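These notes concern the structure reproduced below.
The values are calculated or read from the model by the stated rules, or taken from the named source; none is laboratory data. Quantities reported herein were computed from a predicted structural model and do not represent experimental measurements. Backbone-built Cβ (ideal geometry, glycine too); neighbour counts: all protein chains shown.
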Amino acid sequence: MREAVIISNSRSGENRGGDLDLSSRVAGRLRERGVDAGVIGFDNARGRQVNWRRRLDEALDAGARHVYVLGGDGTVLAVAKALLDRDAVLGIVPMGTANLLARDLELPLDPMLAVDALLEAQPRRIDVGRVNGELFLCASMLGMGTTLARIRESGRGQGALRLWPRLLSKALWILWRYPHRRIILELDGQTLTLRSRALVISNNPVLPQAGLYPRRGRLDGGLLGIYGVREGSFGELPRVALRLLNGSWADEPLIFHHDAPQLTVQAPSASRRGRRIMVLNDGERVRLELPLRYEIQPRALSVLDAASRPPSAMAREKAV
């Protein structure tokens, strides 16, 4: 019986084409620590999901209790869906662009250091978010972010130096051309209306921190974080962008933010074009029926948490 399974995605942002070598190195590091692990290649293309899911189910049925995922947030989400009702623990070896959940779990972004951290980490249970039954572990987005996601997908494998300038130029074009839309929110027994280009719903609220990837204060608080930028003049955008980057966004009057255990989203302008809307869950696009009903499934997923490691292990990592 193999104790663990490695799921490797060769198309993840930092792993394109190099998964075989990395998978073998990860398997070797686990073997050095007495953990026997098999490797399953991840391919979530339409019609191919059944292959890796079937092999993963077979490994879990045979007794594997740890699943190590080499990939980004989208790969982690796909594997998490397969583990929700299983007696198994998820370990993340970050290989994507944002690696949001890995950051929240205080995992090193270097893959081999992450493996070492996971071997000393303890399991904990975290919330998962749901929108119309579809899961997300980090954030769900609607609006102009779904357009940027298409550009990001087409640029996989180009490298950050080529991809980020392209994303930035496209984002500026979208800010100029993308319309504000009326969004109706039902939360905490009240109905709120705002006009915005985008809405972000996080699985537990994010902290007001500086940087591109603000972290969440808790992963098991049972609350959604709801964020949007209200309609304003084009000249106000630099101020809003600066506040988003320096962490002072909570004091910005144009930024809407609210916490709630449940949320219903109506988009009347989208309804005129049809009852389905594109949503971005952990970077993966899915088309859903309106209205969008968001909720938290408390402590539904077991993960390895690097923050649980002894202080001596963290000190060794910083010394590397």
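Annotations
- Among the residues listed as Pro310, Pro291, the single one being modelled with pLDDT of 60 or more and closer than 18 Å to Arg124 by Cα: Pro310
- Pro94 touching a residue at least 12 places away in the same chain (Cβ under 8 Å), in the same structural domain as Ile40 (by TED's automatic domain parsing), buried (at least 24 other Cβ atoms within 10 Å of the Cβ) and not polar (S, T, N, Q): yes
- Out of Gly217, Gly211, Gly221, sole residue that is in contact (Cβ under 8 Å) with a residue 24 or more places away in the chain and exposed (fewer than 15 other Cβ atoms within 10 Å of the Cβ): Gly211
- Figure legend. Inter-residue proximity from the stretch 130-144: first residues without any contact (Cβ under 8 Å) to a residue 24 or more places away in the chain, second residues in a strand (DSSP E or B), beta-carbon distance below 9 Å, spacing 6+ or different chains. Indicated pairs: Gly133/Leu288; Gly133/Arg293.
- Check on Val69, at pLDDT below 95 and either buried (at least 22 other Cβ atoms within 10 Å of the Cβ) or outside the structural domain of Tyr213 (by TED's automatic domain parsing) (or both): no
- Filter result for the condition that a residue is at negative phi and under 15 Å from the mean Cα position of the chain (by Cα), over Arg124, Arg103: Arg103
- Pairing each residue of the stretch 57-76 that is over 23 Å from Arg33 (Cα atoms) with any residue that is polar (S, T, N, Q), provided the two are 6+ apart or on different chains, yields C-beta distances under 7 Å for Gly72/Ser12; Gly72/Thr97; Gly72/Asn99; Asp73/Asn99; Thr75/Asn9; Thr75/Ser12.
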